[in-house]
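Student: Shown below is the structure under consideration.
The values are calculated or read from the model by the stated rules, or taken from the named source; none is laboratory data. Because the structure is predicted, anything quoted here is derived from the model rather than measured. Neighbour counts run over all protein chains shown; Cβ positions are idealised from the backbone, glycine included. The accessibility values were calculated without ligands, DNA or RNA, using every heavy atom of the protein model including side chains. Shrake-Rupley method; radii C 1.70, N 1.55, O 1.52, S 1.80 Å.
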Amino acid sequence: NAGVTQTPKFQVLKTGQSMTLQCAQDMNHEYMSWYRQDPGMGLRLIHYSVGAGITDQGEVPNGYNVSRSTTEDFPLRLLSAAPSQTSVYFCASSSPGIRELFFGEGSRLTVL
Amino acid sequence: AQSVTQPDIHITVSEGASLELRCNYSYGATPYLFWYVQSPGQGLQLLLKYFSGDTLVQGIKGFEAEFKRSQSSFNLRKPSVHWSDAAEYFCAVGKMDSSYKLIFGSGTRLLVRP
């Protein structure tokens, strides 16, 4: 039971570099989302998708891009990393009727 | 504005003692309510959820929570804490409809004294 898989688990970037955080789910869930977790702030929604080809912004979308070309995958792209993007990132998925989010184990990103 | 407040940043209890973690929310309609637990270096695991019906909800690992509409609260309780319960706990509200967006509280870190 893989569930929601995130890669990489750890990444260090320099300011201005780009990278992609990968998220894949094998549960055929329509809904996928990205959250970031910062100390004292809980989790905040970055972007979400309700199906292949459909994405929308969450609470803190600036500096991040997403796309959803398949049901299984929902990558998060940082085009020009900034120290303010140092955080732990969580991908989550769900489907109608399930009524809960399933989370990956997180990706810890440090931007120097 | 929609929000979730967890007023306690840290709570320390002795092993075997009872536990209550507070959660208050502000939401336009009757929300779906959740408690998640995060062990160090791990993802989030769902403890329990409330949608409707009985306001006392039982979850995994011996946890329960009570929805009180008049107080806009959804406090998490456990009668006897185990050392393995040391973790961070997040309350969340949202609507599990087409948006599936959850609003999280800032979390409460539970420390357990032996």
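Student: Roughly how far apart, in whole Å, are the Cα centres of region B:34-53 and region A:83-112?
Tutor: 14
Student: Right, next: Ordered by residue, what ³J(HN,Hα) values in Hz, to whole numbers, does region A:99-106 give under the Karplus form 6.51 cos²θ - 1.76 cosθ + 1.60, where θ = phi - 60° and Gly and Pro are x?
Tutor: Coupling constants for region A:99-106: 6, 7, 9, 9, 9, x, 7, x Hz.
Student: Under a GNM of chain A (C-alpha, springs under 10 Å), which listed residue has the highest mean-square fluctuation: A:L76, A:L43, A:L21?
Tutor: Of A:L76, A:L43, A:L21, the Gaussian network model singles out A:L43 as fluctuating most.
Student: Could you grab the relative contact order for chain A? Cα pairs under 8 Å, six or more apart, rounded to a whole percent.
Tutor: Details: 291 pairs, mean separation 40.0, N = 112.
This gives 36 percent for chain A.
Student: Residue by residue through region B:3-18, which ³J(HN,Hα) values in whole Hz follow from phi under the Karplus form 6.51 cos²θ - 1.76 cosθ + 1.60 (θ = phi - 60°), with glycine and proline marked x?
Tutor: Along region B:3-18, the couplings run 7, 10, 10, 10, x, 9, 6, 10, 9, 10, 10, 7, 4, x, 7, 7 Hz.
Student: Using only alpha carbon pairs under 8 Å that are at least six residues apart, calculate the relative contact order of chain B and give it in whole percent.
Tutor: Values: 276 pairs, mean separation 42.2, N = 114.
Over chain B, the number comes to 37 percent.
Student: Just to make sure I understand: if all protein chains stay in place, what is the order of B:E15, A:E105, A:E59, B:E64 by accessible area at 1.4 Å, largest first?
Tutor: Numbers: B:E15 80, A:E105 100, A:E59 130, B:E64 45 Å².
Solvent-accessible surface, decreasing: A:E59, A:E105, B:E15, B:E64.
Student: Continuing with the same structure: Tell me, what % of the accessible area of the protein assembly as shown is carbon and sulfur with a 1.4 angstrom probe? Write out the running numbers ahead of the final one.
Tutor: On the way: 5190 of 10540 Å².
So the carbon and sulfur contribution to the accessible surface is 49 percent.
Student: If you don't mind, there's one more thing I want to ask. Net charge near B:L46: determine it from the other residues with C-beta under 13 Å of the C-beta of B:L46, scoring Lys and Arg +1 and Asp and Glu -1. Please report the intermediate quantities before stating the final value.
Tutor: Details: positive: A:R99, B:K49, B:K61; negative: A:E100.
After counting each charged neighbour, the total is +2.
Student: Using a 1.4 angstrom probe and counting only protein chains, how large is the accessible area of A:M41 in Å², to 10?
Tutor: So the heavy atoms of A:M41 present about 90 Å² to solvent.
Student: Which whole-Hz couplings ³J(HN,Hα) result when phi for each residue of region B:35-50 is put into the Karplus expression 6.51 cos²θ - 1.76 cosθ + 1.60, θ = phi - 60°, listed in order with x for Gly and Pro?
Tutor: Going residue by residue, I get 10, 10, 10, 10, 7, x, x, 10, x, 9, 10, 6, 8, 6, 8, 10 Hz, with x marking Gly and Pro.
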